[in-house]
Amino acid sequence: MDEETRLIRAGHIDRLPAQTVSPPVQRGSTVLLPNAKALYDGTLGYGRAGLSAQFGLMDALGELEGARGVQLFPSGLAAMTAAIMAVLKAGDHLLVVDSVYRPVRYFCDQVLRRFGVAVDYYDPRLDGAGVLALAGPATRLIVLESPGSLTFEIQDVAAIAASARSKGVLTLVDNTWGAGLLFKPLAHGADISVQALTKYVCGHSDVFMGSAAASDPALVAALKACVADHGWSVAPEDAYQALRGLRTLATRLARHGESGLTVARWLAEQPEVLTVLHPALPGAPGHDLWARDYSGACGLFGFVLRPGTPEKVEALLDALTLFGLGFSWGGFESLAISCDPQLKKRIIPIDHGGPLMRLHVGLESPDDLIADLRQALDVYGG
Ligand SMILES: *Cc1c(COP(=O)(O)O)cnc(C)c1O
């Protein structure tokens, strides 16, 4: 054969790769089938549906979520929007918690309404009966996010899921705060559990990914079909990084939770701070539900400053040296944001009595983080 042909044919490995601790990162759009019959007999025939690393991750997430089926998406937002699309059709009505991640609200308002789905928002403090009182004959799905990732209300997932089920309404929980570990939505009766793996599972602020998990066979099939029909695909390197993050999730989360609580308790005693919104703090909103349902806390919580000008809030944030200013969380590093501009789109007005701030407590020493916060609070108060 000519060299140009030999260069195309060379380097194919027929034997199985050596057994390593983690799955091989198989890169491939094309999958070679063993014979002509396999072309059309339902054998996996194309790489978009995933290869070794993606399947390894889906299996591991099934274990984490206690789910029969898990689908992967190229971001947490895509997992939310796809899971919603998987179960709705034109003419349906959707109930969404008012504290939902803001881009999900945009999707509901701008995309779903265009396709003939009616959307209403409900107060995150409502119980099961309260939420279901807003449902009508066309209500098909209730979206929950617990706790809300800015305002930290804990929802009674079990009660809402039970009420919904009795009326034939499905429930979907954004469980990014619980990371699949601190809270198990499916075990509490929810139908679909979504998380932004981008946050704690990946854990290093360098990969976008989302997952949707279900156990009911019809929902597992609907999620799978939704991925296939929309052409979602996740890169093998990204799936590998997510699986690598999953191995240390429990260890990292324990440390985030412990340090977060140390910082939260300290903040609660500072004169510049009105309230701390941390579900694991006794007396905080949602604490009783948290104590009933959660096995721990992550590093994300809010606090309310005594009233001060927006300029003072900016001065506080700019004075921080160990906390980065950024809209994410779940990585190894600490982050801070102010929240009030993000609350403007909400239906149910909330007034915390002062500027609302959010911290993600990372894996640094909590003593150093506290010293950084103290000098920034001096700037706010001074
Ligand atoms: C970040 C986040 C998402 C979206 O995840 P991406 O991977 O950034 O798209 C969804 N829900 C919550 C609660 C989040 O914090």
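The values are calculated or read from the model by the stated rules, or taken from the named source; none is laboratory data. Being a predicted model, the structure only gives us computed values, none of them experimental. Cβ atoms come from the backbone with ideal geometry, glycine included; neighbour counts cover every protein chain shown. The area values use the complete protein model at the heavy-atom level, side chains included, leaving out ligands, DNA and RNA. Shrake-Rupley method; radii C 1.70, N 1.55, O 1.52, S 1.80 Å.
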Using a 1.4 angstrom probe with every protein chain in place, what is the largest-first accessible-area order of HIS188, HIS93? HIS188, HIS93
Ranked output for segments 201-209, 225-233 by mean other Cβ atoms within 10 Å, highest leading, reads 201-209, 225-233
Treating the beta-carbon of each Lys and Arg as +1 and of each Asp and Glu as -1, no other charges, what is the dipole magnitude of segment 44-247 about its Cα centre, to the nearest 20 debye? 300
In terms of Cα to Cα distance under 20 Å, which lysines are near enough to LYS184, apart from those fewer than 8 places away along the same chain? LYS199
Could you name the aspartates and glutamates in cross-link range of LYS344, using Cα to Cα under 14 Å and dropping any fewer than eight places away on the same chain? ASP98
Leading residue at positive end of dipole, the chain (Cβ point charges), from GLY136, GLY326, LEU172: GLY136
Return one whole number: the accessible area per residue of the chain in Å², for a 1.4 Å probe. 46
Please sort by residue number the trypsin sites (Lys or Arg not before Pro) in segment 285-361 whose DSSP state is loop and whose Cβ has at most 15 other Cβ atoms within 10 Å. LYS344, LYS345
For the chain, whose charge dipole is built from +1 on Lys and Arg Cβ atoms and -1 on Asp and Glu Cβ atoms, the candidate among SER52, GLY286, GLY353 with its Cα farthest towards the positive end is SER52
With 0.36 nm assigned to each residue of separation and the Cα-Cα distance removed, TYR40 to ALA228 gains 66.0 nm
Can you give me the % of accessible surface on the chain that is carbon or sulfur? Probe 1.4 Å, all protein chains present, nothing else counted. 56
Dipole axis of the chain (+1 Lys, Arg; -1 Asp, Glu on Cβ), positive-most option in PRO271, MET1, ALA190: MET1
Label HIS287 and ASP318 with points 7 Å out from Cα along Cα→Cβ: what is the distance between them in nm? 3.6
What spacing in nm lies between the two simple spin-label points modelled at ALA18 and ARG247, each 7 Å away from Cα in the Cβ direction? 1.6
Between helix 249-268 and the chain: long-axis angle, C-alpha atoms, 0 to 90°, nearest 10: 10
Could you give the size of the charge dipole of the chain about its Cα centre, using +1 on the Cβ of each K and R and -1 on the Cβ of each D and E, expressed in debye and rounded to the nearest 20? 940
On the formula 1/(1 + (r/R0)^6), with r taken between the Cβ atoms of ALA254 and ASP216 and R0 of 30 Å, the FRET efficiency rounded to 0.05 is 0.45
Quick one: Cα centre-to-centre distance for segment 48-116 and segment 180-251, in angstrom? 9
Inter-probe distance in nm under a simple model that places probes 7 Å from Cα toward Cβ, at PHE115 and ARG102: 2.4
